[in-house]
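K.L.:
One structure, pasted below without further comment.
The values are calculated or read from the model by the stated rules, or taken from the named source; none is laboratory data. Source: prediction; values computed, not measured. Cβ coordinates were reconstructed from backbone atoms using ideal geometry, including for glycine residues, and neighbour counts include every protein chain displayed.
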Amino acid sequence: MKYKLIIDKDAEEEIIAIVHAPSKLTAQIEDLVCGFSGADCIMGYAEDEMRKLTFGEIECITVLDRKVIAIDTNGERYTLRERLRDLEAVLPSYFIRINKSTLANEHSIRRFDAAFSGGIDAVFACGYREYVSRRCFSEIRRRYEGK
């Protein structure tokens, strides 16, 4: 398989894939291309306020009281209308799953602390703490160790 990327600011954007037969990969590529809006932000809602949140200012996205919540760099919480699994598909690769109900911006994680219960917490720049599951922590360790 060959891959070719040409960056030309003056040309119209187009994506062409030449394949022998449709496959699961071609379906994923098509979903990605058709679903990409070029946006680097999502809309967050807090009480009577609606705010555009850029991906870089979101520290984590978690589910609290059956609502999807984004926590920004100031520790402010915004309700999102998208489902967590839908967000996982459009967020950049620096958002990592740290437990069943939380996606974290790995650039915002300041440290991992051992909890009294024997688990591990991720501590974010804004001070928010979230439990890291053992399965996800082993994946994070592999990612950081480059394996």
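K.L.:
Among the strands (runs of 3 or more DSSP E) contained in region 1-64, which hold 3 or more residues that are without any contact (Cβ under 8 Å) to a residue 24 or more places away in the chain and over 15 Å from the mean Cα position of the chain (by Cα)?
P.N.:
Of the strands (runs of 3 or more DSSP E) lying wholly inside region 1-64, those with at least 3 residues that are without any contact (Cβ under 8 Å) to a residue 24 or more places away in the chain and over 15 Å from the mean Cα position of the chain (by Cα) span 49-54.
K.L.:
Assess whether Glu82 counts as being part of a loop (DSSP other than H, G, I, E, B), at pLDDT below 95 and within 13 Å of the chain's Cα centre (by Cα).
P.N.:
yes
K.L.:
Would region 91-107 turn up any residue that is assigned to a strand (DSSP E or B) and exposed (fewer than 15 other Cβ atoms within 10 Å of the Cβ)?
P.N.:
Scanning region 91-107, I find no residue that is assigned to a strand (DSSP E or B) and exposed (fewer than 15 other Cβ atoms within 10 Å of the Cβ), so the answer is no.
K.L.:
Pairs under 7 Å by beta carbon, first residue in contact (Cβ under 8 Å) with a residue 24 or more places away in the chain in region 74-95, partner hydroxyl-bearing (Ser, Thr, Tyr) and in a loop (DSSP other than H, G, I, E, B), six or more apart or different chains?
P.N.:
Between residues of region 74-95 that are in contact (Cβ under 8 Å) with a residue 24 or more places away in the chain and residues that are hydroxyl-bearing (Ser, Thr, Tyr) and in a loop (DSSP other than H, G, I, E, B), the close pairs are Gly75/Tyr128.
K.L.:
Given (1) without any contact (Cβ under 8 Å) to a residue 60 or more places away in the chain; (2) touching a strand residue (DSSP E or B) at 6+ places or on another chain (Cβ under 8 Å), identify the lone condition not met by Arg142.
P.N.:
Unmet for Arg142, out of (1) without any contact (Cβ under 8 Å) to a residue 60 or more places away in the chain; (2) touching a strand residue (DSSP E or B) at 6+ places or on another chain (Cβ under 8 Å): (2).
K.L.:
Which condition does Leu32 not pass, out of (1) at pLDDT 85 or above; (2) surrounded by 11 or more Cβ atoms within 10 Å (Cβ to Cβ); (3) not acidic (Asp, Glu), if it passes all the others?
P.N.:
(1)
K.L.:
Could you pull out the residue among Thr73, Thr26 that is among the polar types (S, T, N, Q) and within 20 Å of Phe124 (Cα to Cα)?
P.N.:
Thr73
K.L.:
Here's a follow-up. Just the residues that are out of contact with any strand residue (DSSP E or B) (no Cβ under 9 Å at 6 or more places or on another chain), modelled with pLDDT of 90 or more and among the aromatic types (Phe, Trp, Tyr), please, taken from region 85-122.
P.N.:
none
K.L.:
Now for a separate question. Determine which member of the set Thr62, Thr54, Thr26 is modelled with pLDDT under 85 and of a type in the set (Ser, Thr, Tyr).
P.N.:
Of the residues listed, the single one that is modelled with pLDDT under 85 and of a type in the set (Ser, Thr, Tyr) is Thr26.
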